[in-house]
1. Check whether at least one residue in region 128-143 is in a helix (DSSP H, G or I), in the same structural domain as residue 364 (by TED's automatic domain parsing), more than 27 Å from residue 368 (Cα to Cα) and at pLDDT 85 or above, and report yes or no.
2. Out of (1) in a helix (DSSP H, G or I); (2) surrounded by fewer than 21 Cβ atoms within 10 Å (Cβ to Cβ), what's the single condition that is false for residue 119?
3. From 25, 66, 18, 84, which residue is modelled with pLDDT under 80, closer than 30 Å to residue 152 by Cβ and touching a helix residue (DSSP H, G or I) at 6+ places or on another chain (Cβ under 8 Å)?
4. When residue 398 is evaluated against the numbered criteria (1) over 19 Å from residue 133 (Cβ atoms); (2) touching a helix residue (DSSP H, G or I) at 6+ places or on another chain (Cβ under 7 Å); (3) surrounded by fewer than 16 Cβ atoms within 10 Å (Cβ to Cβ), which criterion, by number, is the only one it fails?
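The values are calculated or read from the model by the stated rules, or taken from the named source; none is laboratory data. Keep in mind that this is a model prediction, so the values were computed, not measured. Don't worry about glycine lacking a Cβ; one is built from the backbone with ideal geometry, like all the others, and counts go over all protein chains shown.
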């Protein structure tokens, strides 16, 4: 026993020394060991397992020939992802409108109650127009997309397709010094970045798990999609669901994936140095999804869990936003004073101070960024929503001088900036570290500022604006 432990310890020391001298040799050695183990397992299986009759067509192999091929694997993956996005955005539109109608009907009844009780105006404003309206907005915007996206995602998981996604992207993430399973956590982030962070538990290596948590924010969650879709509609001067807007949003998503790989590579070479761990992926057979179980699990374990956390941070955000918009210093509200102070920096980034202030106040929940911005421009004192993309375009472009550069930089800042309060809270709990939570906010913020600054500078130097 002692001899075995001593031999194991010496072997571990040798492996560490080899990894230090030549990481590539370690990777090849690990791959060779795994290949040998699986080769031996296959030989033993052929000797001891017999099969009376084989199916005429091996559908698993035929599907894998397409879904995991070098040429068609990634295009098919992007096509499926685009299909899930289309189902989510299109399917969530009507229930989101109905839910908003119901919740804002509740706001009207609360207003009537305040009037009946003779409550002061500030009580109605603070509790109804501040806290309740913010929570209603978050629920009406977040719940329908999550209730569609998470079951779709879970169905793909139950079908057996998600391991194929990891297989297709493993090479890219390994080149970035990360783990192939990060592709799964990244995909989960499209529904909610907090859920994506929780999904990082499937990555065994602490170093690679941290990389996945720190970069999950670079894929847009369903809280940012409404903003991205609306701004894309303004950019193409059409409706939010036009083909041009859809192409722009898909381009933004692909840019976010590219940034994920680039930042993962940078972290792997600096703060989180190390060699990517071996990723032995056994592709399971395709299975018939258990639809009922999938829907129940995705709604209870994911949708309601994430929504509950979002509501917890949205309520105080609504209160703070209302106070800043209704407390005046001189002729301007505190919100306007802060926006004017941020304006020079916002201009450098291709935006303005009101846009930056909306992102700052939108920290608790990305869904409230656009309503806060509209409220700031209209000086209404409470969050409001425009009734059409054309009305939004008129407010931003005609009345406040937005250009294509302003729209583009706002979209990129929305994509890349720090995670929402729910995600940061989740990172704190998952990492158990204040330091990594702070870096999870500062790294994306630095990337967002750098990207917007470079694009704004290049556009101005070229004379395009």
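1. Looking for residues that are in a helix (DSSP H, G or I), in the same structural domain as residue 364 (by TED's automatic domain parsing), more than 27 Å from residue 368 (Cα to Cα) and at pLDDT 85 or above, one finds none in region 128-143, hence no.
2. If we test residue 119 against (1) in a helix (DSSP H, G or I); (2) surrounded by fewer than 21 Cβ atoms within 10 Å (Cβ to Cβ), just (1) comes out false.
3. Testing whether each residue is modelled with pLDDT under 80, closer than 30 Å to residue 152 by Cβ and touching a helix residue (DSSP H, G or I) at 6+ places or on another chain (Cβ under 8 Å) leaves just 84.
4. Unmet condition: (2).
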